[in-house]
Amino acid sequence: MSSLDVILSKAKQLQPLEPHEISRLMALEGPEQQQQLFDAALEVKEKVFGKRILLFAPVYISNECINDCLYCGFRRSNTQLIRRTLSVQETVEEARRLEKEGHRRLLLVSGEKPRKDLVALLEKIIIAVKQNTLIRSIQVNPPPLSVDECQRLSQAGYGNYQVFQETYHWLTYRKVHLTGPKRVYQWRLESAERAVRAGWNSIGMGILLGIFDYRYEIISLLSHVRYLENKFGIGPRTISLPRLRPALGAPLQNAPAPVSDGDFLKLLAILRLAVPYAEVVLSTRESSALRDRALKVGISQMSAGSHTSPGGYSNPAREENESQFYIADHRPLNEIVRELLSGGYLPSFSTVEDGFCQITMKEFIQLSRQGRIRQLVTANGVRSLEGYLEDPSRSEIKSIWLEKREDQFTGLSDGMRREVCLSG
Ligand code: SF4
């Protein structure tokens, strides 16, 4: 067996990979070896999450920001951007539009404000959205919070708490974050640990690819994950690898350390193997063609039909002068659902923590290692998709689903299949 075969066989058994094994995978070249990597990543993804692809949409509540990040259109010194913060009612209106499209999971995004103000605003918005819409899962992308603030939001029942480090390279971090609280590297670095200490059950991690050498970033990110696993017995529920995109008025229009499409796919596959229990997330920053390829290397979650400006769903024209970055995949949600179904995937609007089956992150990791998360997410996926397809305007998509429904159960044992059918 070659050293590559040994690493891939270990990964396929859902065993953690060591940093030197990750380095070996990153150094892979040549189409054959890369295909071996991609095949292994897809096998692991299907072992853990089956065919299910979880869908969500971001809701931007404000593009006002007290920081100055060179890669972002929201940075405070950008005079080209039209600034706006939605009221609670306007945010509910955005959520209603997404609900009408069929979405049930939102990610709230905002430029950074003084933390006290932002936490209070998020609380009001989440309560109002949950009371007035069918949205059931609301994730948040807040600035790094203190343990007390994390506790407050965690007890209020918020979903995944995501803080991306952007870059783990300290000097580069200081160069691209010019002013504001985000400039403090250490405070951001320790945010996941504070959230775990505060009892947050679900955290998201990530880096912004394109700012510094991706090899350094990936090894650092995975070292951070191992640190959390060793110290607390839990790791990230989600991992994201956004690539830098052009943004209105951002000095960094082009990535100083670009990551090619081929390398990007390789990194997604490596993350899938290195942290098999995590949702690997892909946003509409990437083109539809690239996202289709990413489905074959192990991603398990994607945004769909997104706008990246406050009020962008009600007023799409705002994207031009008010958005954080320009998106590359403009397909509406129904088109993405149709294409996922045609490709043999299970588009889902719900995951195990959304309702009927609440489990902790520790249980999630344990169950995924036993290969049992698959039936839970398949059950939720089938149930949520069939709810989406009840709308008569989606009858054409429903007929594709009815043809493909049976395939979703392939590979599940009779017992698991029975559980899926009963749960779903
Ligand atoms: S990346 Fe975030 S913190 Fe930085 S300027 Fe943009 S919105 Fe503000």
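With r as the distance between the Cβ atoms of Lys175 and Arg372 and R0 = 45 Å, compute the FRET efficiency 1/(1 + (r/R0)^6) and round to 0.05.
Numbers: r = 45 Å, r/R0 = 1.00.
The pair Arg372/Lys175 has a calculated efficiency of 0.50.
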Taking 29 Å as the cut-off for C-alpha to C-alpha distance, list the pairs among Lys47/Lys231; Lys100/Lys266; Lys12/Lys100; Lys130/Lys231 that go past it. Lys100/Lys266; Lys12/Lys100; Lys130/Lys231
Highest-first arrangement of 123-134, 271-282, where packing means the average Cβ count within 10 Å: 271-282, 123-134
Name the long-range amide H neighbours of Leu107: under 5 Å, sequence gap of 5 or more, or other chain; modelled H, no Pro or chain starts. Ala57, Val59, Gln139
In nm, give the distance between the simple-model label positions of Ala289 and Glu101, each being 7 Å from the Cα along the Cα-to-Cβ direction. 2.4 nm
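Suppose only helical runs count, i.e. DSSP H with n ≥ 4. What mean residue ellipticity at 222 nm does that imply for the chain under -39500 (n - 2.57) per run, divided by all residues and rounded to the nearest 500 deg cm²/dmol? The partial results should precede the final answer.
Details: 18 runs with 197 residues, N = 424.
Computed ellipticity for the chain at 222 nm equals -14000 deg cm²/dmol.
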Extension length gain for Arg197 and Asn315 (0.36 nm per residue less Cα distance), in nm, is 38.5 nm
Please report, ordered by residue number, every helix of the chain (full DSSP H runs) that is 18 Å or longer along its axis going by C-alpha atoms and whose mean Kyte-Doolittle hydropathy reaches -0.5. 115-132, 214-232, 261-274, 373-388
For the chain, what class follows from the C-alpha gyration tensor (a ≥ b ≥ c being the square roots of its eigenvalues): rounded when a/c is under 1.5, otherwise prolate if a/b is larger than b/c, else oblate? rounded
Hey, with R₀ at 41 Å, roughly what FRET efficiency would Glu363 and Arg215 work out to, going by the Cβ-Cβ distance, to 0.05? 0.80
Please list the non-local residues whose amide H lies under 5 Å from the amide H of Leu282, H modeled 1.01 Å from N, same-chain partners needing a gap of 5 or more. Gln301, Met302, Ser303
Report ³J(HN,Hα) in whole Hz for each residue of the stretch 74-82, in order, from the Karplus equation J = 6.51 cos²θ - 1.76 cosθ + 1.60 where θ = phi - 60°; Gly and Pro get x. 7, 4, 4, 8, 7, 8, 7, 7, 8
Is the stretch 64-190 rounded, prolate or oblate when judged by the Cα gyration tensor, a ≥ b ≥ c being the square roots of its eigenvalues, rounded requiring a/c under 1.5 and prolate requiring a/b larger than b/c? prolate
Return the long-range amide H neighbours of Ile53 (sequence gap of 5 or more, or a different chain), with a cut-off of under 5 Å between placed amide H atoms. Leu346, Ser348
For a label point 7 angstrom out from the Cα of Lys116 toward its Cβ, which stretches of the stretch 134-148 have the backbone nitrogen within less than 20 Å? 142-148
Length gained when the stretch Tyr227-Arg24 is fully extended (0.36 nm per residue, less Cα-Cα span): 71.0 nm
Please compare each pair in Lys45/Lys398; Lys45/Lys404; Lys362/Lys398; Lys51/Lys182; Lys124/Lys398 to a cut-off of 30 Å on the Cα-Cα distance and tell me which ones are over it. Lys362/Lys398; Lys51/Lys182; Lys124/Lys398
For the charge dipole of the stretch 161-312, defined by +1 on Lys and Arg C-beta atoms and -1 on Asp and Glu C-beta atoms about the Cα centroid, which residue among Leu252, Ser191, Gly312 has the Cα displaced farthest towards the positive pole? Ser191
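All of the numbers you see were taken from the coordinates with simple rules; none came from a lab. Since we're looking at a predicted model, the values are computed, not measured. Glycine gets a Cβ as well: all are built from the backbone with ideal geometry, and neighbour counts include every protein chain shown.
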